[in-house]
1. I'd like the residue in region 523-552 that is in contact (Cβ under 8 Å) with a residue 24 or more places away in the chain and among the acidic types (Asp, Glu) and, out of all such residues, is surrounded by the fewest Cβ atoms within 10 Å (Cβ to Cβ).
2. Give region 279-303 a look and list any residue that's small (Gly, Ala, Ser) and in contact (Cβ under 8 Å) with a residue 60 or more places away in the chain, or say none.
3. For region 160-182, give me each residue that is modelled with pLDDT of 50 or more and in a strand (DSSP E or B).
4. With the structure loaded, tell me whether Ala157 is modelled with pLDDT under 75, hydrophobic (A, V, I, L, M, F, W, C) and exposed (fewer than 15 other Cβ atoms within 10 Å of the Cβ) or whether it fails that test.
5. Just wondering, is there one or more residues in region 41-59 that are exposed (fewer than 13 other Cβ atoms within 10 Å of the Cβ), free of Cβ contacts under 8 Å to residues at least 60 places away in the same chain and under 15 Å from Met77 (Cβ atoms)?
6. Does Ala331 satisfy being at pLDDT below 85 and open to solvent by 20 Å² or more (accessible area, probe 1.4 Å)?
7. Given the criteria closer than 11 Å to Phe370 by Cα, in contact with a strand residue (DSSP E or B) (Cβ under 6 Å, 6 or more places away or on another chain) and either at pLDDT 85 or above or not basic (Lys, Arg) (or both), does Asp285 qualify?
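The values are calculated or read from the model by the stated rules, or taken from the named source; none is laboratory data. Keep in mind that this is a model prediction, so the values were computed, not measured. Quick reminder, even Gly has a Cβ in these numbers, built from the backbone with ideal geometry, and neighbours come from all protein chains shown. Only protein heavy atoms, including side chains, enter the accessible area calculation; ligands, DNA and RNA are left aside. Shrake-Rupley method; radii C 1.70, N 1.55, O 1.52, S 1.80 Å.
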Amino acid sequence: MNIRVRLLGTYILFLLVSLFSIGGFLSWRVESLYSRTLDHRLLSDARLSAELLQPYLAGSASALAQEVGGIASHLNMQVAILDRAGSVIAAAPAAAGQAAPEKTAAGLPPEVVQALKQGIGRSTRLSPDRKDEMRYVALLLPPATGSRRAVMPSGAAAGVSPPGPPLVLQLGLSTRDVRATMASFRRLIWQASLLVALLASLAVAWVVEPVTRSVAEMREAFRRMSQGNMGLRVPVRSRDEMGDLAAHFNAMAERLESSIEELTSRKKEMEAVLTGMADGVIALDREGRVMLANPAAEAVVGMSRERMLGQHLLSVVRHHELEHVVMETLASGQARQLETTFLAPKEATMQVSITPITAAPRLEGVVLVFHDITDLRRLERMRSDFVSNVSHELRTPLTSIKGFIETLLETPVEDKETYRHFLEIARQETDRLSRLIDDLLDLSRLESKRVEPKWQVMPLAPVVDRVMAMLESKAKSRQVELSAHLPANLPPAYADPDMVGQVLINLVDNAVKYTGAGGQVQVRAAVAPGGDMLQVSVRDTGIGIPPEHLGRIFERFYRVDKARSRALGGTGLGLSIVKHTLERLGGSISVQSEVGKGSTFTFTLPRAYGERKGPSADAKA
């Protein structure tokens, strides 16, 4: 039931109850007043009639009867004189058709009994013939002397009644007219009440309609606002309280819309920040369940954000130490940091910052920020290894040189052969030290990008031929077959010929070193899939590289067989220099190897397109 029906129904019901209660009360009051007025009239008429009849009480019965008849006709009432025994002395009906009073002494009427006791009596009862309701008043008359003959209204003698004071005067009046008048009055009251109720209902409806309409409009506005429509406004139709309420509602809606727009904007900004963060972010509630996660967190835990939401942390990240620290943060409210290693979905070293979310005075949850420091720790390890390796590589030749110099100082000058032998060894160690320092300097320049390639369109065949010629004698001395297979229609590369030659020298020299007698080293070239790069491979049939070393052979000073590499004169920097050189040229390098069957090193170079330079030239420009 809506408020309009409730208000109108309540007002109209209250109005009808009030009007009919007032009408009933008025009807009762008027009827009571009319009854008292009628009693007063009857009593007044009875007293006046008693005074008029007083002279006739001691006279003849006929004169008394005539006077009673005259009074009855004049007053339009039933008049009778009765004695103490209830015998009718004289009586006359009020008008034609009214029954005469009882003349028997079978019983005294109640008003007569009351008059005999108190002087005045009243009663309302049916007439003797039971056809009409009568209002009676009885008045005790002074005692009368002598004898009388009872006379009926027809004038016939009914016998002689012995005198016996006192006498009672009885007046009776039919209440038919009174009842008709009161019925008309009641009808008038009810009709007036209904009319007033109708008019009042229309007035109430006219007054309530604007209020209920405003309430209905605000209800509809609230309903639509709850569905997300914040642009709705309620018209202000008046300047009363409802108008103020509508104005305040509109102001509240505007502030709410502004606040929601601001919150939405901040939410989008936060989502953009979280989406753009490289670190994984996961927000947990007080129970340790995921409330929010960014895309980077998916890579950390190997699970989509949709699956993470609502899950407990241990179901998302299988890491009991992390869960223990998170529970401690939720219990204490203190920020914590943890560095640990995750084994799934991939092995990674993570630095996890755990920050509580507080909304005074309670803790709402925590935010976990996963910072991947795997590369940092690997670089730190590489730097430590580099320092250790450089120190070791430098200490070995310096120790040798120092030892030989000390030996020379103790050797007699005349022993020239010993001097020459030790000096030759010192020279070899010095050359090795010089090569190591040169490689370190070259690698440093490449890493710091201080080496600027001399870009040009260059055919690969001349560079390959020059390298093959340089290493041919070394290959023959080791009984290794050295060959090159380049297509005649191979397009040129866009690179630095000297840097490409250095790459080939390192790769071919390594292939020759680690290939036994009777082995083969082949250089091949082709256009790489996609057509934008040239692909050069150096394949040998040497000892091969174990699979566990393939991922680290391009690191500085990394050797698969340290003793053999050092014996062959390697510095451990050649492949690292090759990798950085190719990166400066816009290419890359990869390796495939099988122990006992050989290795294949493949690198790429940008292709030149006639006068138009390749991708590397565009990138450099």
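1. Filtering region 523-552 for residues that are in contact (Cβ under 8 Å) with a residue 24 or more places away in the chain and among the acidic types (Asp, Glu), the one surrounded by the fewest Cβ atoms within 10 Å (Cβ to Cβ) comes out as Asp532.
2. Selection gives Gly280, Ala283, Ala296, Ala297.
3. Val168, Leu169, Gln170, Leu171, Gly172, Leu173, Ser174
4. yes
5. There is at least one residue in region 41-59 that is exposed (fewer than 13 other Cβ atoms within 10 Å of the Cβ), free of Cβ contacts under 8 Å to residues at least 60 places away in the same chain and under 15 Å from Met77 (Cβ atoms).
6. Spelling it out, it is not the case that Ala331 is at pLDDT below 85 and open to solvent by 20 Å² or more (accessible area, probe 1.4 Å).
7. For Asp285, the condition - closer than 11 Å to Phe370 by Cα, in contact with a strand residue (DSSP E or B) (Cβ under 6 Å, 6 or more places away or on another chain) and either at pLDDT 85 or above or not basic (Lys, Arg) (or both) - is not met.
Residue-wise test of (1) at pLDDT below 90; (2) more than 24 Å from Phe554 (Cβ to Cβ); (3) hydroxyl-bearing (Ser, Thr, Tyr).
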| residue | (1), (2), (3) |
| --- | --- |
| Pro453 | yes, no, no |
| Ala461 | no, yes, no |
| Val467 | no, no, no |
| Glu481 | no, yes, no |
| Pro492 | no, yes, no |
